[in-house]
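Trainee: Okay, handing you the structure first.
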Amino acid sequence: MLQRHNLLRSIATLLVLIVILAAIYALWLRYQVEPVTRDGKVRADMVPVAADVSGLVTEIRVADNQAVKKGDVLFVIDRPRYRLALEQAEAAIASDRVALAQAVREDRRNRAMPDVIAAEAIEQGRARAEGLRAVLGQAVAARDLARFNLERTMVRAPVDGTISNLSLQPGVYLTAGKAALALVYNHSMRVEGYFEETKLPAIRVGDPASVYLMGVADEIKGHVQSIAGGVEDRERAGADGQLANVNPSFTWVRLAQRIPVRIAIDKVPANVRMIPGQTATVVIHPRKDGREVHRSLPW
Amino acid sequence: MIEEVHVLGVYMPAALLWAVLAAVLVYLLRVPIQRLPVYRILWHPSLLELALFVLLWWGLGAFADLFLHEWLFS
């Protein structure tokens with residue numbers, strides 16, 4: 001009787017143990033294996049808009065956070081100065097034309113009287129006319145450049161986008177090439193999920209994905225567009241051409257790296273606004289087509 | 001899938017919340033299950049509470065994902 005009772009107790013205990021292990025396995029699948037990350041970020045490419053010519057900013061034609069189309073004028077740089085430069089270049093052309101005409105006349109006269117004028121003087125006259133023709137060519141190019149610069153005083157939006165971080169005011173002196181404001185390129189909006197490498201085997205390009213912005217319950221639909229081609233190897237430092245500098249081993253604990261997975265946005269609910277930099281939860285729904293990668297168990 | 005839950009502006013993993021809820025539930029259910037006959041035939045009676053805890057932890061998460069998705073933040 002006691003024997004049977006002991007057997008019953010052992011079996012019951014064993015069953016409860018199995019239930020515990022099964023539940024732990026289910027939890028592990030749920031929280032460690034399923035391709036979900038809370039570390040997603042909304043990202044977009046940004047164009048730092050810079051002036052092509054230096055000068056005082058005379059007019060700002062956009063407001064902060066305004067949406068602009070490609071080609072819209074954003075701000076204007078000192079047009080009077082560049083208009084004066086254009087006038088100066090045109091005057092230089094006129095002056096060069098006069099000098100050239102005079103040299104050509106002299107040259108023609110000299111060549112008409114080869115008996116009176118020394119051959120050397122005739123040659124010199126022809127060379128002067130040729131030289132002045134070249135100078136005129138230079139002046140024309142300088143005028144075209146001045147006109148081009150005048151056009152470039154209107155700084156235009158290079159892409160469709162949203163103005164961001166605009167603190168430019170009239171009177172600021174901008175040097176050419178220095179970024180004056182940031183333009184967010186709206187069409188490049190996407191979500192990057194930073195997935196642990198342990199979750200990566202379940203993700204393939206083309207898998208549908210759900211994105212939830214922090215604090216927003218509405219689902220943004222998307223799909224996996226691409227997976228990063230590489231991340232830096234943090235175990236080694238040093239440049240190419242030197243000996244490998246590998247970190248000492250840290251035997252006990254190793255952490256999973258995170259790999260950026262790019263999610264293309266397919267459908268955004270009408271009331272949801274995506275702003276680059278927002279935090280998002282990304283859930284990937286792996287397609288079941290029999291091509292799953294075998295993943296290792298916890299050990 | 002409900003992945004994070006915000007409590008007073010702090011976003012925490014949903015798993016933590018389910019674990020806390022499961023622990024509280026198990027604590028409340030302790031007295032009733034001590035009356036069950038199966039409790040007396042186990043070598044280690046507290047194993048049953050542990051099993052209940054992990055099952056509830058997993059079950060709460062699965063239940064919330066299935067039914068509470070509409071009004072709980074994911």
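Please treat every number below as a calculation from the coordinates, not as lab data. Because the structure is a prediction, the values reported are computed rather than measured. Note: ideal-geometry Cβ built from the backbone for every residue, glycine included; neighbour counts use all protein chains shown.
Trainee: Which residues' amide hydrogens lie under 5 Å from the amide hydrogen of residue A:61, considering only partners 5 or more residues apart or on another chain, with H built in the peptide plane?
Mentor: Counting only residues 5 or more places away or on other chains, the set is A:75, A:76.
Trainee: Helix B:14-34 versus the longest principal axis of chain B: what angle, 0 to 90°, nearest 10, using Cα atoms?
Mentor: For helix B:14-34, the angle is close to 20 degrees.
Trainee: When only Cα pairs under 8 Å and 6 or more residues apart are kept, what is the percent relative contact order across chain A?
Mentor: 28
Trainee: What does the charge add up to near residue A:97, with Lys and Arg as +1, Asp and Glu as -1, over the other residues with Cβ less than 14 Å from its Cβ?
Mentor: +1
Trainee: Next question. What residue among A:183, A:29, A:200 shows peak mean-square fluctuation when chain A is described by a Gaussian network model with Cα springs under 10 Å?
Mentor: Most flexible of the set in this elastic network: A:29.
Trainee: Can you give me the orientation-averaged projected area of the convex hull built on the Cα atoms of the protein assembly as shown, in nm²?
Mentor: Its average projected convex-hull area is 36.2 nm².
Trainee: For the stretch A:64-110 and the stretch B:3-74, compute the distance between their C-alpha centroids and round to whole Å.
Mentor: If we compute the Cα centre of each part, the gap is 79 Å.
Trainee: What nm distance separates the two modelled labels at residue A:47 and residue A:109, each placed 7 Å from Cα along Cα→Cβ?
Mentor: The modelled label-to-label distance comes out at 5.8 nm.
Trainee: Just to confirm a number: summing +1 for Lys and Arg and -1 for Asp and Glu over residues other than residue B:45 whose beta-carbon lies under 13 angstrom from that of residue B:45, what do you get?
Mentor: Working: positive: A:9, B:30, B:35, B:40; negative: B:49.
Neighbourhood net charge equals +3.
Trainee: Quick one: helix A:2-28 against the long Cα principal axis of chain A, what's the angle to the nearest 10°, folded into 0 to 90?
Mentor: 10
Trainee: In what sequence do A:61, A:190 fall when counting other Cβ within 10 Å, fewest first?
Mentor: Listed from fewest to most nearby Cβ atoms, that is A:61, A:190.
Trainee: Report the relative contact order of the stretch A:79-152, percent, no decimals, based on alpha-carbon pairs under 8 angstrom and at least 6 residues apart.
Mentor: Numbers: 52 pairs, mean separation 40.3, N = 74.
Relative contact order of the stretch A:79-152: 54 percent.
Trainee: Rounded to the nearest 500 deg cm²/dmol, what is the calculated helix-only ellipticity per residue at 222 nm for the protein assembly as shown, with -39500 (n - 2.57) per DSSP H run of length n ≥ 4?
Mentor: My calculation for the protein assembly as shown gives -13500 deg cm²/dmol from helical runs alone.
Trainee: Then there's this: Could you work out how far the C-alpha centroid of the stretch A:1-43 sits from that of the stretch A:217-239, in angstrom?
Mentor: 32
Trainee: Per 10 Å bin from zero, what fraction in whole % of the C-alpha pairs of the stretch B:4-67 is there, up to the bin with the longest pair?
Mentor: 21, 42, 25, 11, 2
Trainee: Per Stokes-Einstein, at 20 °C and 1.002 mPa s, what whole-number D in µm² s⁻¹ belongs to the stretch A:215-299, with the Kirkwood radius over Cα pairs as the hydrodynamic radius?
Mentor: So the translational diffusion coefficient is about 122 µm²/s.
Trainee: Given a Förster distance of 45 angstrom, what is the FRET efficiency for residue B:6 paired with residue A:9, based on the Cβ-Cβ distance and rounded to 0.05?
Mentor: Numbers: r = 46 Å, r/R0 = 1.01.
The value I calculate is 0.50.
Trainee: Follow-up question, since we're still on this one. To the nearest 10 degrees, how steeply does helix A:119-152 sit against the main Cα axis of chain A, on a 0 to 90 scale?
Mentor: Computed tilt is about 40 degrees.
Trainee: Looking only at A:232, A:87, A:59, which one moves most when chain A is put into a Gaussian network model with springs between Cα atoms under 10 Å?
Mentor: Ranking A:232, A:87, A:59 by mean-square fluctuation puts A:232 first.
Trainee: Okay, moving on. With springs only between Cα atoms under 10 Å, which of A:31, A:82, A:185 fluctuates most in a Gaussian network model of chain A?
Mentor: The residue with the greatest mean-square fluctuation here is A:31.
Trainee: So which of A:69/A:267; A:70/A:178; A:178/A:267; A:69/A:199; A:69/A:288 end up more than 31 Å apart, counting from Cα to Cα?
Mentor: The pairs that break the limit, which is 31 Å between Cα atoms, are A:178/A:267; A:69/A:199; A:69/A:288.
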